[in-house]
Amino acid sequence: QAIRNTAAAEEARQMAAVLLRRLLSSAFDEVYPTLPTDVQTAIKSELLMIIQMETQSSMRKKICDIAAELARNLIGVYANTESLQFLFLSFFSEDVFYHFFRNFPGIFGNQQQHYLDVIKRMLVQCMQDQEHPSIRTLSARATAAFILANEHNVALFKHFADLLPGFLQAVNDSCYQNDDSVLKSLVEIADTVPKYLRPHLEATLQLSLKLCGDTGLNNMQRQLALEVIVTLSETAAAMLRKHTNIVAQTIPQMLAMMVDLEEDEDWANADELEDDDFDSNAVAGESALDRMACGLGGKLVLPMIKEHIMQMLQNPDWKYRHAGLMALSAIGEGCHQQMEGILNEIVNFVLLFLQDPHPRVRYAACNAVGQMATDFAPGFQKKFHEKVSNESTSQETLAVSLIQKGTKLVLEQVVTSIASVADTAEEKFVPYYDLFMPSLKHIVENAVQKELRLLRGKTIECISLIGLAVGKEKFMQDASDVMQLLLKTQTDFSDMEDDDPQISYMISAWARMCKILGKEFQQYLPVVMGPLMKTASIKPEVALLDTQDMENMSDDDGWEFVNLGDQQSFGIKTAGLEEKSTACQMLVCYAKELKEGFVEYTEQVVKLMVPLLKFYFHDDILMFSLTIKRVRVAAAESMPLLLECARVRGPEYLTQMWHFMCDALIKAIGTEPDSDVLSEIMHSFAKCIEVMGDGCLNNEHFEELGGILKAKLEEHFKNQELRQVKRQDEDYDEQVEESLQDEDDNDVYILTKVSDILHSIFSSYKEKVLPWFEQLLPLIVNLICPHRPWPDRQWGLCIFDDVIEHCSPASFKYAEYFLRPMLQYVCDSSPEVRQAAAYGLGVMAQYGGDNYRPFCTEALPLLVRVIQSADAKTKENINATENCISAVGKMMKFKPDCVNVEEVLPHWLSWLPLHEDKEEAVQTFSYLCDLIESNHPIVLGPNNTNLPKIFSIIADGEMHEAIKHDDPCAKRLANVVRQVQTSGGLWTECIAQLSPEQQAAIQELLNSA
């Protein structure tokens, strides 16, 4: 009665509705069955009548919720014709069906299959109702909702496939009745269950194309129709690539939308940069083109669009030229591979439009150059920087623009351009430094008005980027002035409004100044850290809202939402997130650059960062916020750096800090849903173990970590199986394979991080950790099976390499699992696998103990075969070959009784020097020094005749920077050279046989080591 009493207060009616729904959801079994049959019938009838009569939208939705809840319970308890009849009557009472299938997808439970034909029959019947268009529309939406609620039921798709023609007809009819609700449902199907559309994909695409091209429809409807095709290019690219005729017709439609621009005579003189109108056809067309190029790939898209763009660029109407250039910008990412080959032609053509008579075309040309610089970096900068610079405004003109009274917007863009050039040019910017710096300092000093905050912030950024580019020596002449300007701004920091754009620019600028000044920056930390910590500590506003509240808030700028089902959405206000992310990254920078100089702040920073490892609120949120991901990455990166900073406080302080972060790191490895962030957390955890060493993990840590690593390896194998299944799909093609390869690369990268963690544990705990490792052993053995892909075998071998290197001689217990594969894989077709196997054989000789002796003898001819192969020194093979050479050296040094040293040594000398693998280069040069210092006759030769050859080896190693000058091995090599230097004639003979470059390298070694 309270609900149907329209004279009652709105709050009272709504509360009555809420209470009735709660009663039905929590106590249906206790209440409803006890009611007389006529009362049950009356409740159902009145609910349907109230839905029809109710005019207040929020109240009607609440009543729909009651009807849906009642229907759900009726189906669950009274699965009969009467309850189904109420259900379907409810469906066609405005929006009940939408709530119903969205919020109660499992309503039919295990009886759904039994009622499928009844459901289908009623939907078909209603979709064919010619007298009531609204019934057709609602039944089409009900169909979509039901399909979406059963998105994983492929058999159901086939059963309901013959509803598609009627559904598509309803899409068409409703659009011409100015109702786009069914079209929106089609977009949802394309996004979530595209395979449902497969039997009638051609008809779906043709309808979408027709609606998109019909200028009689409103812009939103046309854009939604295009969205169907674009969404399919992302969710079902392989299916869509089979319909090239549709793609070929869609591209001109998108380009036509991009031409839909308004004349604006004041555009060139505007002093504020207007945000893109995302509802406009031009922006929608550009976004669609970008997404389609990425989805379908350049192999298909570029040939179709190239001629269209060329024609547009020659059109006398500026709108077509503008659209053509913006289209070029849009397709760069998706057509990257195909455009690279013709980039020179494209750049030459685009640069012509920098002189176009229309300012918006000139802007589009600049935008295209900038976008290409991003999409094709760093090759674009190397190939075209001179050409682009010559066509652009000269540096002198820019300097004048800075000094003269140009518009604020022009100054902002000019300053941003200078910053970008300096960041790219680095030390090559030095000649222009004195031209720009005085003007930039002038802007920071004088641009103090509120409307100039963005200009001032960008100028601060520009100055810091220039300083970083030209280096400390050049920048020091202005460093004091710049620091005073920054300090003055910093003292005003607390007075800045939260949305002041200077804040994020200041935070980044301070970090760059830290990189420039190094340890000298430490004195400024007391000024910088307070505001930085405040910004890094920002807590975004979050909310759990029902659908109505979300719709009311969606216009409020800065909120983003994720649908959680059951009419609830999770919202996060993104204002301040970018600043928080930047601040966290800058804290990482300070810890990295200042090391022990940052120790005073480690405690407060670690207390801030550890909770941020789980900074993602809800799993789906991370899908749309890269900023949130960056916060978690910064938190992970900071952990080992903070431990390094804290070392100077002693082991007790260091251990307390590690205990604070350890549990959170391990849990984050187990729960982090994003692979990019996960890899960073795993990398940081491994680094932390290396810093802390033996004893840093207790039994509980090991138990939890073992379970997590086991799960990661099992997931790795499962994902490979799923990709094999996808390769059997009827839509599998070349582009699908590229996508699967990307997925595989991500999985392999996580596998490398598993290896990193195990490496850090083995190197810290040695053989003590082997019993714990045994739970992972079957999975690691599986990695090195012959049928596994080469990255699996590579990283499986790397893990066993660590077992040999750090756990020998106890490692021989597991030799049955890895020795035969290691010997076999040293001759593998994959250079990465050969390298891992060769390294393992080398450490086997160095650390393995007596049990490994016979296997060293067996390995030697295999290593020599790889070293002496014709293509051993090619770029792709050189690292594997150098590991083989190093392994032979280790066998001669550590297991000389297993090889014929006198026979092998001359060959080994002829293979030197190593220069690609720096670690193995040090090993081989150290062994060479051992041999020389012991006056080994084979190495020195009769009457020292081999010394010129040895000088040549040393010189080549120095030329390739194989050994750092501060390495003890470099000093030993220099001493060898100095000993010969005192011998007069022998020195002259050795030097005479060297090239001028080799002689210079020897002199450099003597001067530096």
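The values are calculated or read from the model by the stated rules, or taken from the named source; none is laboratory data. Just so it is clear, the structure is predicted and the values come from calculations on it, not from any experiment. For neighbour counting, all protein chains shown are included, and Cβ atoms are generated from backbone atoms with ideal geometry for every residue, glycine included. Quick note on the areas: whole protein, heavy atoms, side chains included, nothing else; ligands and nucleic acids left out. Shrake-Rupley method; radii C 1.70, N 1.55, O 1.52, S 1.80 Å.
Please say if segment 594-713 is rounded, prolate or oblate, where rounded means a/c under 1.5 for a ≥ b ≥ c the square roots of the C-alpha gyration tensor eigenvalues, and otherwise the choice is prolate for a/b larger than b/c and oblate otherwise?
Details: a/c = 2.30, a/b = 1.28, b/c = 1.80.
Oblate, because a/c is 1.5 or more while a/b does not exceed b/c.
Kindly flag which residue pairs out of Lys383/Lys875; Lys382/Lys875; Lys120/Lys158; Lys768/Lys813 have an alpha-carbon separation exceeding 18 Å in this structure.
Numbers: Lys383/Lys875 23 Å; Lys382/Lys875 22 Å; Lys120/Lys158 12 Å; Lys768/Lys813 13 Å.
Going by Cα-Cα distance, Lys383/Lys875; Lys382/Lys875 fall outside the 18 Å limit.
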Inset, instruction - May I ask for log10 I(q)/I(0) of the chain at q = 0.09 Å⁻¹, from a Debye sum over the Cα atoms as equal point scatterers with solvent left out? - result: -1.33
Legend entry - Cα gyration tensor shape for segment 279-333, rounded if a/c is under 1.5, else prolate or oblate: oblate
Legend entry - For segment 284-370, average projected area of the Cα convex hull in nm²: 5.1
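Taking the Cα centre as origin and putting +1 on Lys and Arg beta-carbons and -1 on Asp and Glu beta-carbons, what dipole magnitude results for the chain, to the nearest 20 debye? Walk me through the intermediate numbers first.
Details: 88 positive and 146 negative charges, 342 e Å.
The dipole magnitude comes to about 1640 debye.
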Inset, instruction - Round to the nearest 10 and give me the degree value, 0 to 90, for the angle of helix 37-53's Cα axis relative to the longest principal axis of the chain. - result: 80
Legend entry - Sum of -39500 (n - 2.57) over DSSP H runs of 4+, divided by residues of the chain (222 nm, nearest 500): -23000 deg cm²/dmol
Inset, instruction - About the Cα centre of segment 784-852, how large is the charge dipole given +1 on each Lys and Arg Cβ and -1 on each Asp and Glu Cβ? Please answer in debye to the nearest 20. - result: 160
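Sorting Met220, Met122 by accessible area (1.4 Å probe), largest first, what list results? Write out the running numbers ahead of the final one.
Working: Met220 85, Met122 55 Å².
Accessible-area ranking of Met220, Met122, largest first: Met220, Met122.
Rank these residues by their accessible area, most exposed first, probe 1.4 Å: Tyr852, Tyr616. Before the final figure, lay out each step's value.
Numbers: Tyr852 0, Tyr616 35 Å².
Descending accessible area places them as Tyr616, Tyr852.
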Legend entry - Phi-based couplings in Hz for segment 647-660 (Karplus 6.51, -1.76, 1.60; Gly and Pro marked x): 3, 5, 7, x, x, 5, 4, 4, 5, 4, 5, 4, 4, 5
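Indicate the gyration tensor shape class of segment 760-872 (rounded, prolate or oblate), computed on the Cα atoms with a ≥ b ≥ c the square roots of the eigenvalues: a/c under 1.5 is rounded; otherwise a/b larger than b/c is prolate and the rest oblate.
Details: a/c = 2.07, a/b = 1.36, b/c = 1.52.
It is oblate, given that a/c is not under 1.5 and a/b is not larger than b/c.
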Legend entry - Rel. contact order, % - alpha carbon contacts under 8 angstrom, at least six apart, segment 882-942: 38
Inset, instruction - Would you give the gap between the C-alpha center of segment 763-813 and the C-alpha center of segment 882-912, rounded to a whole Å? - result: 26
Legend entry - Heavy atoms of His936 accessible to a 1.4 Å probe, total area in Å² rounded to 10: 40
Inset, instruction - Counting only C-alpha contacts under 8 Å and six or more residues apart, can you give the relative contact order of segment 773-858 as a whole percent? - result: 31
Inset, instruction - Relative to the longest principal axis of the C-alpha atoms of the chain, give the angle of the C-alpha long axis of helix 201-213, reported between 0 and 90° and rounded to the nearest 10°. - result: 80
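First select every other residue whose beta carbon is under 14 angstrom from the beta carbon of Arg4; then total the charges, Lys and Arg +1, Asp and Glu -1.
Numbers: positive: Arg13, Lys44, Arg60, Lys62; negative: Glu10, Glu46, Glu54.
Counting the neighbours of Arg4, the net charge comes to +1.
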Inset, instruction - Only loop residues by DSSP count here, and only those with at most 14 other Cβ atoms within 10 Å; note down the chymotrypsin sites (Phe, Trp or Tyr not before Pro) in segment 675-734 that meet that. - result: Tyr732
Legend entry - Under Karplus coefficients 6.51, -1.76 and 1.60, residue-wise ³J(HN,Hα) of segment 456-472 in Hz, glycine/proline x: 5, x, 5, 5, 4, 4, 4, 4, 5, 5, 5, x, 5, 5, 8, x, 4
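Go through Glu497, Glu997, Glu473, Glu227 and list them by solvent-accessible area, largest first, probe radius 1.4 Å. Please report the intermediate quantities before stating the final value.
On the way: Glu497 90, Glu997 110, Glu473 175, Glu227 50 Å².
Descending order: Glu473, Glu997, Glu497, Glu227.
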